[in-house]
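In what follows, a single structure is set out as structure tokens and then discussed.
The values are calculated or read from the model by the stated rules, or taken from the named source; none is laboratory data. Source: prediction; values computed, not measured. Cβ placement follows ideal geometry from the backbone for every residue including glycine, while neighbour counts extend to all protein chains displayed. With ligands, DNA and RNA removed, areas are computed over all heavy atoms of the protein, side chains included. Shrake-Rupley method; radii C 1.70, N 1.55, O 1.52, S 1.80 Å.
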Amino acid sequence: MRLYGITLERGLLLAPLSGYTNWPMRILSRRFGAELCYTEMISAEGLVRNTKNTLCLLKRPPQDAPLIAQIFAHSSSDAALAAKIIEDAGFDGIDINMGCPVKKVVNRGAGAALMRDVPLAQHLTQAVASAVSIPVSVKMRAGWDSASINARELAGAVEMAGVRCIILHPRTRMEMYKGIPRWELLSDLRRSTAVSVVASGDIRIGSDIERLRALGADGFMVGRAAVGRPWIFRELAGGKPPDIDERREIMLEHLDMLCSLYGRQKGTVFMRKFISGYVRGIDGASRFRSLACKAASFQELQAIIKRLPASRDSGM
Ligand SMILES: Cc1cc2nc3c(=O)[nH]c(=O)nc-3n(C[C@H](O)[C@H](O)[C@H](O)COP(=O)(O)O)c2cc1C
């Protein structure tokens, strides 16, 4: 299958996750089989105004490819200018966020708020698609709330505006991340649009992929299930889960990469977000978690990880 003009063997994608999918998480996910990754959402306005923290989100090592940059925007002109910056920075595609439910974003008319204003969503998409020559996609939800399910209408509008791919997380903005995804909307989009359709939501095991493929999905995006579990992509391709030694090595490498991105202090604190995922299901996980999350320095956390597996005998 091809997405953004890139040939993929299995269609396994790492989702954009704000606060998580920086280059260390992307590099590890790729190693285990993620074929295409996304940046976390980036403010188009921040990019255009050259905000330091925003520009940082574009940084990545050369092996972090292929990579799609995701923007959120309310203004079509900011979105188009940001798209040009992203194209010039060598990204393989641009995704426009029309699904973020967070108040800070929707109150500014971006993210899922665009689902309530289809003409603006279409105008903004068109502005981006005509500003660049790299492929453009839109990531959307089912609708704003259960009384206004309009993914099909929005998909038609952005298809006309020039997108090559639609990513559907079929919950409403009001549902946030809970409740059963409305997968019937995926087959609906498959029938009503000619562009590629990617499924996002609760993909955890191989049978999820088979089910979504049967509904017409061209790609399978994994988000929460990849946090602290980059090997999920290997498992989804039929491979084995890691043993403790492998988990330990991955955690140490993840910590190292975070420290090279943020410096030792911030990198060590950032690593806490992943600890639960890394040790879920193993003996002594809860003791390990509480020790690791209290580690005051890089050296301390590194030593705790090296002592995995946690056991009462080893003093953990
Ligand atoms: C902490 C968190 C941050 C997220 N950040 C983004 C984001 O920056 N852009 C985006 O399009 N979706 C974002 N999402 C939504 C995910 O990409 C995905 O669509 C959703 O979590 C459902 O997939 P999952 O069940 O595989 O996590 C975020 C979700 C979570 C839980």
Output for the stretch 261-278, where each listed residue is open to solvent by 80 Å² or more (accessible area, probe 1.4 Å) and without any contact (Cβ under 8 Å) to a residue 12 or more places away in the chain: Lys266
Pairs with Cβ under 8 Å, 6+ apart, first in the stretch 279-296 and free of Cβ contacts under 8 Å to residues at least 24 places away in the same chain, second assigned to a helix (DSSP H, G or I) and exposed (fewer than 15 other Cβ atoms within 10 Å of the Cβ): Ala292/Arg272; Cys293/Arg272
Among residues of the stretch 2-52, those that are within 23 Å of Met98 (Cβ to Cβ) and either of a type in the set (Lys, Arg) or open to solvent by 40 Å² or more (accessible area, probe 1.4 Å) (or both), counted: 8
From the options Ser187, Ser207, Ser130, Ser137, residue that is part of a helix (DSSP H, G or I), within 16 Å of the ligand (Cβ to nearest atom) and polar (S, T, N, Q): Ser207
Flag if Arg190 is under 19 Å from the mean Cα position of the chain (by Cα) and either modelled with pLDDT of 95 or more or not aliphatic (A, V, I, L, M) (or both): no
Hey, Arg248 assigned by TED's automatic domain parsing to the domain that holds Val197, assigned to a helix (DSSP H, G or I) and either basic (Lys, Arg) or within 30 Å of Arg191 (Cβ to Cβ) (or both) or not: no
Among the residues listed as Leu261, Leu308, the single one being modelled with pLDDT under 95 and closer than 22 Å to Leu28 by Cβ: Leu308
Residues of the stretch 30-70 that turn out to be within 12 Å of the ligand (Cβ to nearest atom), within 14 Å of the chain's Cα centre (by Cα) and not hydrophobic (A, V, I, L, M, F, W, C), as a count: 4
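Evaluate the following for Gly156: is it in a loop (DSSP other than H, G, I, E, B) and open to solvent by 10 Å² or more (accessible area, probe 1.4 Å)?
no
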Conditions (1) surrounded by 20 or more Cβ atoms within 10 Å (Cβ to Cβ); (2) assigned by TED's automatic domain parsing to the domain that holds Ala194; (3) assigned to a helix (DSSP H, G or I): number failed by His254: (2)
Pairs where the first residue, in the stretch 215-238, is within 15 Å of the ligand (Cβ to nearest atom) and the second is open to solvent by 40 Å² or more (accessible area, probe 1.4 Å) and among the small types (Gly, Ala, Ser), C-beta under 9 Å, 6+ apart: Val227/Ser276; Gly228/Ser276
